[in-house]
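Just below is one structure, and these are the notes that go with it.
The values are calculated or read from the model by the stated rules, or taken from the named source; none is laboratory data. Please read these numbers as outputs of a predicted model, since none were measured by experiment. Every residue, glycine among them, receives a Cβ derived from its backbone with ideal geometry; neighbour counts consider all protein chains shown.
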Amino acid sequence: MLGIIGGSGLGVLSTLKEASQRVMSTPYGTPSAPLTLGLLGGKRVSFMPRHGAGHTIAPHLINYRANLWALHAQGVCDVIAISTVGGIPDEMIPGSLVVPDQIIDYTHGRESSFFDGTGRPLKHVDFTLPFCGKLRQRLLRAGAASKENLRDGATYGATQGPRLETAAEINRIEQDGAHIVGMTGMPEAVLARELGINYAMLAVVVNPAAGRGSNSAGVSIDEIHKVADTAMRKVCRVLESLEQA
Ligand code: HPA
């Protein structure tokens, strides 16, 4: 089954048909919200809003392990993560949709593994390619089918939040090779890998990153919300066009 993790601006997937809610408990605690099960473009999906149904859970406080565990326990084998991001190069204009292919992790202090010394035999997962190639291609085909322009490939820098970055941090992150910055891609992506879940991200650029473009003097949070609202309609069209696995 397909799982969708909704980010900022996508707390409910109102396009889900025949939706029902399922409260999940996990060995890692409580997920961000009950799972919403339903049909999207004829496909069965499980939806989890990572910030909670009322968008109250900050990126560094999300129980990523419980969210991924709940999806896995529900029989999800493919996850598409919707994530809002800041764009670093000029071409990453607000409203762009991006399917990243690499990650740099700047987060700290998050529970970032299921191998936490509580008895599971340790396995080091390969993370050379952090996103599932096949699922990325499926997402890109859905972009073509829905006539939405998706950029194929970018490096996602996962920052700690909940504050936005300084202009100097963005300069450093760009030098490291990142094109977009967001606060939730890690440890979500690696936890999916540890559970054997295929994981790809549809990133939505909602602002020029700190110090870039129109944001040379500061990032407008109101503007972020406006762009996110409009872009999520495009995201829903892409999701509806996803082929069956
Ligand atoms: N930085 C980090 N995370 C974000 C941003 C940003 O500029 N925009 C949306 N999520």
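Values computed for the structure shown
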item	result
Residue identified as on the phi > 0 side of the Ramachandran plot and more than 16 Å from the ligand (Cβ to nearest atom) among G3, G41	G41
Matching option when the condition is modelled with pLDDT of 95 or more, closer than 17 Å to V98 by Cβ and more than 16 Å from the chain's Cα centre (by Cα), among R136, R163, R141, R172	R141
Criterion: assigned to a loop (DSSP other than H, G, I, E, B) and basic (K, R) - qualifying residue of R110, R65	R110
Any hit, the stretch 56-72, residues being among the polar types (S, T, N, Q) and within 25 Å of R237 (Cα to Cα)	yes
Matching entry among E165, E223 (being more than 21 Å from I5 (Cα to Cα), crowded, with 22+ Cβ neighbours inside 10 Å and within 16 Å of the ligand (Cβ to nearest atom))	E165
Scope the stretch 193-220; condition more than 20 Å from E148 (Cβ to Cβ), in contact with an Asp or Glu (Cβ under 9 Å, 6 or more places away or on another chain), more than 11 Å from the ligand (Cβ to nearest atom) and aliphatic (A, V, I, L, M); matching residues	I197
Lone unmet requirement of (1) more than 14 Å from the chain's Cα centre (by Cα); (2) among the hydrophobic types (A, V, I, L, M, F, W, C); (3) in a strand (DSSP E or B); (4) under 22 Å from P162 (Cα atoms) for L39	(4)
Residue in the stretch 134-162 that is surrounded by the fewest Cβ atoms within 10 Å (Cβ to Cβ), counting only those that are of a type in the set (A, V, I, L, M, F, W, C) and out of contact with any Gly (no Cβ under 7 Å at 6 or more places or on another chain)	A144
Residues satisfying the stated conditions in the stretch 168-192, i.e. small (G, A, S) and near the ligand (Cβ under 10 Å from one of its atoms)	G182, G185
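Yes/no matrix, rows are residues, columns are (1) hydroxyl-bearing (S, T, Y); (2) under 27 Å from F115 (Cβ atoms); (3) surrounded by 19 or more Cβ atoms within 10 Å (Cβ to Cβ):
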{"position": "T36", "(1), (2), (3)": "yes, no, yes"}
{"position": "P49", "(1), (2), (3)": "no, yes, yes"}
{"position": "S83", "(1), (2), (3)": "yes, yes, yes"}
{"position": "V98", "(1), (2), (3)": "no, no, yes"}
